[in-house]
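Structure, as structure tokens:
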Amino acid sequence: MNYQEEIAIGIVLLVLLRSISKFFREYLAAPLSIYLLKLGYVKWAIWVRKKTPPPSVCLNCK
Amino acid sequence: MSKLEPNILRVALVGNPNCGKTALFNALTGGRAKVGNYPGVTVERKEGSLVTLSGLKISILDLPGTYSLDVKTPDELITRDIVLGNQIDEKIPDILLAVVDATHLERSLGLVFELLTLGRPVLLVLNMMDLAKKNGLDLNFSILAHELGISVVPTVATRKEGMAELILKIENLSLQKNVSLPFSTSWKKPGLDEIRKRFSDVDRLLDLSTRHLTYSVAWTDRIDQVVLHPFWGTFLLLVVLVFIFQSIFTWAQIPMDLIKSGIIFFSNVVAIFIGEGPLKSLIVDGVIAGVGSVVIFLPQILLLFLFLLILEDSGYMSRAAFLMDRLMGKVGLNGRAVIPLLSSFACAVPGVMATRTIENRRDRFTTILIAPLMTCSARLPVYSLLIAAFIPNKVVFGPLRLQGLVMFSLYLAGIVSALCVAIILKSTILKGKKPILLMELPSYKWPSLRNICIGLIEKSQLFLKRAGTVILTVSVLLWFLASYPKAPAHSTVPPISYSYAGQIGKIIEPWIRPIGFNWKIGVALIPGFAAREVMIGSLATVYAVEDREHGVAELLGSKLAKDWSTATALSLLVWYVLACQCFSTLAVTRRETHSFRWPAFMLLYMTGLAYMGSYLTYHLSVKMGLG
């Protein structure tokens with residue numbers, strides 16, 4: 001692996017991690033926290049809920 | 001912020017739809033909330049804040065419009081719950097600003113009387129005073145204030161007139177009354193006698209306080225004689241739509257060419273500074289090819305929004321809804337569904353949210369389910385790319401060209417398919433009576449240059465933000481999938497076939513081959529679920545990685561024209577008319593229907609429809625010699 005390849009793969013990994021985290025915060029955190037609350041894991045539900053952004057706004061409009 | 005802070009004065013804007021609450025909200029807070037000259041623009045609470053010269057912190061709440069607290073629709077329920085202090089996590093407003101359209105006091109004062117029965121501090125804001133004066137109305141503010149027992153402030157929110165007086169009156173009211181005590185207030189549904197009495201009170205007050213200095217047929221009525229005419233009105237609507245799509249193609253060409261040249265120049269510069277290797281390939285074939293191929297369409301997107309904003313701001317949008325009521329009636333819906341459907345031309349997400357103005361649950365769900373079939377702005381880059389690559393730009397008749405007509409017919413296909421689906425839904429799972437349409441038509445206004453500029457700036461920011469986030473991310477990830485693992489030395493097969501993208505594509509291909517798609521389209525369709533236009537970025541990346549020699553110098557359209565048949569392009573166009581390629585729409589449908597069942601149904605029926613449509617289109621096109 002040369003230096004160009006190392007940098008390129010590093011960028012890809014960073015982008016991948018960021019997109020997984022964003023997808024989780026945007027779409028999974030809210031339903032997951034509700035589910036955890038139903039199961040009785042209140043602390044975990046609060047922790048996950050903190051990761052939830054404000055109600056999502058559509059990307060093409062305001 | 002102010003939900004929890006006790007020292008902030010909470011002021012709520014309450015009034016009929018389209019009386020200028022959001023314009024007042026923007027004038028008070030310096031906000032940029034969307035303003036439109038049609039009822040139902042605001043379907044959610046919005047919050048902004050200001051600090052007065054005396055240091056008083058005020059939180060302003062903009063609420064959806066309502067004619068009464070006896071609510072019928074989900075958006076009106078938000079208003080009632082907040083006004084009465086029944087909303088969880090939301091303190092009751094300390095002061096209610098009863099915003100009324102000064103030109104339509106007879107419709108607005110009923111709600112003011114109802115608000116007064118709550119025993120909360122109320123201020124009357126007479127908005128649109130400039131139009132009232134122009135219409136020859138002379139309002140006696142002191143009589144109004146005396147009879148209602150509250151302060152009255154005349155304003156023109158769009159020009160920020162009367163704001164200083166309004167803020168002063170709010171401050172005075174906050175000092176006069178102990179406005180922060182009760183946590184909720186009681187309200188009971190008024191009986192018939194109470195409603196009759198309220199109407200007679202409104203009539204009496206109008207007799208006392210209002211004088212018509214001049215009587216003339218308003219120019220709004222004169223224009224409506226043509227615009228709302230069953231034949232001429234519909235003809236005009238069609239002419240407006242054809243003009244829009246024709247202009248999108250013609251007027252955007254020069255800025256698009258400039259952006260194209262900029263992208264090619266930029267990729268050449270990058271190529272000079274970074275030597276041959278994977279990093280250069282990532283930046284040129286992945287990022288620049290992927291993001292650049294979508295950014296090119298910014299001028300067309302802006303033109304589309306320019307026309308939509310002019311139609312909204314002028315008051316024509318409501319007329320279009322009125323004209324469509326008869327057609328909507330035939331499919332079992334009413335004109336109220338038209339505004340959400342027209343909003344979906346910009347994006348299905350606000351369209352789905354705008355269905356909150358629909359009273360009947362079954363009508364609301366039907367409208368939600370068909371809203372994604374209306375052609376949103378994210379489809380525009382896909383349509384433009386394929387039309388420019390496969391449809392000759394020949395003159396059909398006069399100024400009409402084939403490319404513009406094809407674009408118009410794709411929009412029309414979206415509308416027709418939505419209506420057909422509505423017929424099926426309304427006669428099966430969502431059967432119900434057709435309600436009567438009662439709709440307030442706003443006065444015509446010259447579109448506000450400020451509103452249009454703000455709207456266009458916001459759309460550009462959002463479009464570029466999406467290009468810089470979602471499309472950039474997908475381009476980088478897809479570059480990796482299309483580049484690794486590398487092909488063995490001396491391989492005779494194209495290297496991309498060995499890659500992960502190639503392998504995934506080959507798995508998908510048997511399912512999409514019957515509709516004329518190759519594996520590269522299949523690979524691009526998957527990230528296209530994040531947002532429709534991402535498909536273009538993905539295709540650009542896959543084709544750029546495959547053909548590294550030309551990179552972005554040879555534009556995507558020319559590459560597609562070489563690789564695909566016209567039948568494949570037409571099939572993909574039909575797929576994009578009908579398929580639900582949008583995760584945000586599914587998420588907002590889940591939120592609005594409070595169920596996973598409806599978004600799942602939406603995804604299934606639209607994918608099935610798209611597959612059938614593409615299959616028929618592809619095979620018919622092949623039979624016609626376009627294969």
Within the stretch B:426-449, restricting to residues that are among the basic types (K, R) and at pLDDT below 80, the one that is nearest to B:L333 (Cα to Cα) is B:K434
* With respect to B:T366, is the statement that it is within 19 Å of the chain's Cα centre (by Cα), away from chain A (no Cβ under 14 Å) and not aliphatic (A, V, I, L, M) true? -> yes
Turns out the helices (runs of 4 or more DSSP H) fully within the stretch B:358-444 with at least 3 residues that are without any contact (Cβ under 8 Å) to a residue 60 or more places away in the chain are B:361-370, B:402-427
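Quick grid of which residues meet (1) of a type in the set (G, A, S); (2) buried (at least 21 other Cβ atoms within 10 Å of the Cβ); (3) within 14 Å of chain A (Cβ to nearest Cβ):
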position: B:I8; (1), (2), (3): no, no, no
position: B:A23; (1), (2), (3): yes, yes, no
position: B:D70; (1), (2), (3): no, no, no
position: B:P93; (1), (2), (3): no, yes, no
Take B:A371 and decide whether it is at pLDDT 90 or above, crowded, with 24+ Cβ neighbours inside 10 Å, within 14 Å of chain A (Cβ to nearest Cβ) and in contact with a helix residue (DSSP H, G or I) (Cβ under 8 Å, 6 or more places away or on another chain).
-> yes
_When you scan the stretch B:596-604, do you find a residue that is away from chain A (no Cβ under 14 Å), under 23 Å from the mean Cα position of the chain (by Cα), closer than 23 Å to B:W511 by Cα and not aliphatic (A, V, I, L, M), even just one?_
yes
In the set B:L472, B:L481, the lone residue that is within 25 Å of the chain's Cα centre (by Cα), within 14 Å of another protein chain (Cβ to nearest Cβ) and assigned to a helix (DSSP H, G or I) is B:L472
Heads up, the strands (runs of 3 or more DSSP E) in the stretch B:1-105 (entirely inside) with at least 2 residues that are free of Cβ contacts under 8 Å to residues at least 40 places away in the same chain and under 25 Å from the mean Cα position of the chain (by Cα) are B:46-51
Of the listed residues (B:S344, B:S318), the one being within 14 Å of chain A (Cβ to nearest Cβ) and either on the phi < 0 side of the Ramachandran plot or without any contact (Cβ under 8 Å) to a residue 40 or more places away in the chain (or both) is B:S344
Looking across the stretch A:1-41 at residues that are closer than 20 Å to B:T469 by Cα, among the charged types (D, E, K, R) and facing chain B (nearest Cβ under 10 Å), the single one that is farthest from the chain's Cα centre (by Cα) is A:R18
Here the residues within the stretch B:140-164 that are surrounded by fewer than 19 Cβ atoms within 10 Å (Cβ to Cβ) and in a loop (DSSP other than H, G, I, E, B) are B:N140, B:G149, B:K160
Only unsatisfied item for B:G315, checking (1) of a type outside the set (V, I, T); (2) surrounded by 24 or more Cβ atoms within 10 Å (Cβ to Cβ); (3) within 24 Å of B:M439 (Cβ to Cβ), is (2)
Residue hits (the stretch B:578-595; within 12 Å of chain A (Cβ to nearest Cβ) and under 21 Å from B:L380 (Cα atoms)) are B:C582, B:F583, B:S584, B:T585, B:L586
For the stretch B:272-293 the number of residues that are more than 13 Å from chain A (Cβ to nearest Cβ) and either in contact (Cβ under 8 Å) with a residue 60 or more places away in the chain or closer than 23 Å to B:K465 by Cβ (or both) is 4
Check on B:R532, among the charged types (D, E, K, R) and in contact (Cβ under 8 Å) with a residue 60 or more places away in the chain: yes
Condition set modelled with pLDDT of 85 or more and surrounded by 11 or more Cβ atoms within 10 Å (Cβ to Cβ), scope the stretch A:30-41, selection nearest to B:V474 (Cα to Cα): answer is A:L32
Over the stretch B:591-627, the set of residues of a type in the set (G, A, S), crowded, with 17+ Cβ neighbours inside 10 Å and over 29 Å from B:R361 (Cα atoms) is B:G613, B:S614, B:S621
Of the listed residues (B:P121, B:P74, B:P64), the one being under 29 Å from B:R450 (Cβ atoms) and either in contact with a helix residue (DSSP H, G or I) (Cβ under 6 Å, 6 or more places away or on another chain) or crowded, with 21+ Cβ neighbours inside 10 Å (or both) is B:P64
- Item | Condition met for B:L306 (at pLDDT 90 or above, more than 14 Å from chain A (Cβ to nearest Cβ) and closer than 30 Å to B:D224 by Cβ) | yes
Quick check on B:T103: is it among the polar types (S, T, N, Q), closer than 30 Å to B:N140 by Cβ, surrounded by fewer than 18 Cβ atoms within 10 Å (Cβ to Cβ) and modelled with pLDDT under 90? no
Within the stretch B:227-262, residues touching a Leu at 6+ places or on another chain (Cβ under 9 Å), of a type in the set (A, V, I, L, M, F, W, C) and farther than 20 Å from B:L412 by Cβ come out as B:V227, B:L228, B:W251, B:A252, B:M256, B:I259
Expected single match for of a type in the set (S, T, Y) and within 14 Å of another protein chain (Cβ to nearest Cβ) among B:T79, B:T42 is B:T42
The helices (runs of 4 or more DSSP H) lying wholly within the stretch B:497-607 that contain at least 1 residues that are among the hydroxyl-bearing types (S, T, Y) are B:500-512, B:534-546, B:556-563, B:566-578, B:583-593
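The values are calculated or read from the model by the stated rules, or taken from the named source; none is laboratory data. Since the model is a prediction, treat every value here as computed from it, not as a measurement. As a convention, Cβ positions derive from the backbone with ideal geometry for all residues, glycine included, and neighbour counts pool all protein chains shown.
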